[in-house]
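The structure appears below as structure tokens.
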Amino acid sequence: MVAVDATTREMIASIKVPTTHDHPDGVAAGIVAGLERLLGEHNVDPASIAFIAHSTTQATNALLEGDVAKVGIVALGGPVGRAFARFAPFALAEGIRFTPAWLDGRDPHVLETARAAGVEALAVSEPFAVDRPQRENALVAAARASGLAATSGAEVSTQYGLRARTRTAALNAAILPRMLRTSRLTARAVADARIPAPLMIMRSDGGVMDVAEVERRPILTMLSGPAAGIAGALFHENVTDGIFIEVGGTSADCSAIVRGRPQMRPARVGGHRTLLRTLDVRTIAVAGGSLARIAGNRVVDVGPRSAHIAGYRYAAFTDRALLDGARADLADGFAAVVAADGTRIAITPTCAANVVGAVPAGAFARGDAAAARTACEIAGVALGLDADALAHAILDRATERLRATVDELIADYGLDRATVVLVGGGGGAAALVPYAAQRLGFAHRIARDAQVISPLGVALALVRDVVERTIVDPTPADLARVRREAIDAAVASGAAPDRVEVVVEVDTARNRVRATASGATALVEGSREAVDVGDAERVAAAAAHLRATPGELRIVAAAGVFAVIAAARESAVVDGRGVVRLILVDAHARVARCGDVTAALERAIDDDTTFGDVGRALPDVFVLRGARIGEFAGMAEAAQIVALALDELAGVGADERVVIITVPKRA
């Protein structure tokens, strides 16, 4: 748990409190204890707290451990709809199957039937309820009024796909009772501490939502721990293209950052698709505390078992005196020594990194290099290796495990290896990332306050929501309506109304419109200070990504915090922190007064519309204003783009400068 200065975004206090499922209040007890300690030990005035949030693995753990409520699914609609909603039981974890009870929506006493069957939580699903949710809402309201936890498909997701939406709603219902209790206990603790700010909870997509939203859609908190880490890295580290690696004691979570943004993918539970979008996090079982496996007198692998789980101490964090008289302990197949008093001491990647001098001064993973070297010397004699050779062998095996995931992410997202930066977070980051980056040929950095990067990410997270609709040949009014619905959903979850960014996507082949809205909470946004690194830094950042020298580039347009910097064919949009937000090919940038934007947009679209064998193709359009980027791609009519842009600029003064960028489609 950390406290962050809302103005400078500097960490001013941090504490760690263990949590346990054995307590009657579950993990909420640890949150309450931590809050009390943070306020008391660091003299934090509750009235001065502008924002409070936490991430939780409770939803993920409940599903992985099968610690779920008995769910009843009410399938509404005709026989065809009920048939398409059904899914077979599936495994949540080894030996644990999710087998909800299916209830007939035609039963006028369905709630009584559910209770008689021992149902603890209800999921209601009907075809096309994302457009017509009235029947779902009515049954959910009746269930809640009768004291039964309930949710619906449309409440959990506005995306289409009846079976996946029903499955997502059922999983949401499965964790609903437990999450209701935890969120309410935590919110009560915040209120009892006289903290005026509302409690926010981390979402799996890197955003946050309030307690009322958790009570409706707790499944959105799945995987929020890794999401918090990358959120912290994005706020603390100005990364354009990179791989964020959060290193703990047992595993490392790897995520791609593309153009300063994390990447998303649909979550799968038990091998089945849900309509939950999460950050694309790849977890590997190698970390700072991983045990090095020995076979044939050599290091053959690192992980998945870790020292603290197996009952070993880290050599780098062991009193050197304890190693006097120690002997090699390779019987279990791990690189380790045993002290004279029987204490088992492992040589982990953290220990190895300290031996070879790869851990930067002041890093959380920095330990006693001499103690680690002594342990390596003792074990090395039994293996026929000197201390440095053993340490390098351990780190090389860990790097190979990391290499496969880094290469996979680079390939999946088309990143340029020459500009990728490895960013380390978590307590074990300095044990793996500097050495691996040097071996793999990447630039790297350890995130500021890396050991508490996850709670920092929670403190600085964005509110995010997605609305999807099926609309044949959407009109400008249709697009504006979906866009506004996404903004309203984000604001309802706590985003600052005037700083919400929205990306509208139109899939003409599937007749789908998706609007993704995101923004900082009102209290956090109100405390931010403007950042401007200056033109020289922006040009340098653009040069690194355009493979050009700064002298070959020129600033062709600027507005708000953004500068558009062009080379021969490519252009970079760089923000006030020096982060490259967009790389565009053959783009044309124009500066216009907001009052003239309609005419300027129409001219720009007309100039860059292309014609081919399949007809007319409108350009992709970006509108830069203040600190916001309006992105309008895949539109079929110029009027759609103009309408969305005007909605984006509503309330902006007529004389304010905006930048219009058009990117022609290739014929």
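Read the figures in this text as sums done on the coordinates, not as results from a lab. Remember, it's a predicted structure, so these values are computed and weren't measured experimentally. Using ideal geometry, Cβ is built from the backbone for each residue, glycine included, and neighbour counts are taken over all protein chains shown.
Ranked for footprinting exposure by Cβ neighbours inside 10 Å, fewest first, 109, 444 give 109, 444.
Label zone of residue 666 (point 7 Å out along Cα→Cβ, amide N under 18 Å): in the range 618-632 this covers 618-621.
Multiplying the residue separation of residue 535 and residue 259 by 0.36 nm and removing their Cα-Cα distance gives an extension gain of 97.5 nm.
Computed 3J(HN,Hα) for the range 170-176, one whole-Hz value per residue from the Karplus formula 6.51 cos²θ - 1.76 cosθ + 1.60 where θ = phi - 60°, is 5, 5, 4, 5, 4, 9, 4, glycine and proline marked x. Summing charges over neighbours of residue 325, with a neighbour being any other residue whose Cβ is under 15 Å away from its Cβ, gives -2 when K and R count +1 and D and E count -1. Calculated [222 nm] ellipticity per residue, helices only, for the chain: -10500 deg cm²/dmol; basis is -39500 (n - 2.57) per DSSP H run with n ≥ 4, divided by all residues, nearest 500. Exposure proxy shown here: for 465, 131, the number of other Cβ atoms within 10 Å sets the order, fewest to most, as 131, 465. Potential lengthening of the chain between residue 509 and residue 610 amounts to 34.4 nm, from the contour at 0.36 nm per residue minus the alpha-carbon distance. Once the Cβ-Cβ distance of residue 99 and residue 310 is raised to the sixth power relative to R0 = 41 Å, the FRET efficiency obtained is 0.75. Under a 5 Å amide H cut-off, with hydrogens placed 1.01 Å from N, residue 512 pairs with 471, 507 among residues at least 5 apart or on other chains. Residues of the range 575-593 with an amide N closer than 19 Å to a point placed 7 Å from the Cα of residue 655 along the Cα-to-Cβ direction: 591-593. When you count the other C-beta atoms within 10 angstrom of each residue and take the mean per peptide, 185-192, 648-655 line up highest first as 185-192, 648-655.
Shown here: semi-axes √(5λ) of the Cα gyration tensor in Å, derived from the displayed model; of the candidates [x] 43, 35, 24; [y] 72, 24, 22; [z] 39, 34, 24, it corresponds to [x]. In this structure the amide hydrogen of residue 443, modeled in the peptide plane, comes within under 5 Å of the amide hydrogens of 422, none closer than 5 places in sequence on its chain. In this label model, residue 45 and residue 137 are separated by 4.3 nm, measuring between points 7 Å along each Cα→Cβ vector. Taking 0.36 nm per residue of separation and subtracting the current Cα-Cα distance, fully stretching the chain between residue 12 and residue 418 would add 142.6 nm. This ranking places 413, 312 by how few other beta-carbon atoms lie within 10 Å of each, fewest first, which gives 413, 312. Between residue 191 and residue 637, the C-beta separation translates, for a Förster distance of 51 Å, into a calculated FRET efficiency of about 0.55. Taking amide H atoms as placed 1.01 Å from N in the peptide plane, the amide H of residue 313 lies under 5 Å from those of 344, 345, 346, each 5 or more residues away in sequence or on another chain.
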